Amino acid sequence: LINGKSFAMDRVDVQTVVGRVELWDFINTTMMDHPMHIHGTQFQVLGQTIAGVTTPADYLAWRDTVNVPAGTTVTIKTRQTMPGRRMFHCHLLPHEDAGMMAVLGVSPA
């Protein structure tokens, strides 16, 4: 699940606006890693938090997928450049198939 919900194609789960810079936290409370992928979007990983201790990223790089290890929170900085809907999801196919996907809606500026 993402934010406690299973995927529904007709629902927008997160809404944003073109050009807005946002910090997102991927919080993994499970016992396994989740490689999180955002379609049509690049982001920078700022760091990860394990047991309350935050470690900054070694370097800033543009990515579209980040591994979120079990029991950690990964913070990313993102900015949408195109309006429309796009998916974000765990990149493990069984998790994706089980509904660990969501829709990001991006409105024009």
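The values are calculated or read from the model by the stated rules, or taken from the named source; none is laboratory data. What you see is a predicted model; the values in this text were computed from it and never measured. Methodologically, a virtual Cβ is constructed for each residue, glycine included, from the backbone with ideal geometry; neighbour enumeration extends over all protein chains shown. Note: accessible area is taken over every heavy atom of the protein model, side chains too, but ligands, DNA and RNA are not part of it. Shrake-Rupley method; radii C 1.70, N 1.55, O 1.52, S 1.80 Å.
Within the range 59-85, the set of residues being β-branched (V, I, T), closer than 21 Å to D33 by Cβ and surrounded by fewer than 15 Cβ atoms within 10 Å (Cβ to Cβ) comprises just one member, T65. Taking every residue in the range 47-58 that is open to solvent by 60 Å² or more (accessible area, probe 1.4 Å) and pairing it with any residue that is of a type in the set (G, A, S), at least 6 positions away or on another chain, the pairs with Cβ-Cβ distances below 7 Å are I50/G71; T54/G47; T55/G47; P56/G47. Taken together, the residues in the range 1-33 that are under 20 Å from L93 (Cβ atoms) and either free of Cβ contacts under 8 Å to residues at least 60 places away in the same chain or hydrophobic (A, V, I, L, M, F, W, C) (or both) amount to 11. So, in the range 17-39, of the ones that are over 15 Å from A102 (Cα atoms) and assigned to a strand (DSSP E or B), which residue ends up most open to solvent (accessible area, probe 1.4 Å)? For the range 17-39, the residue satisfying everything is L23.
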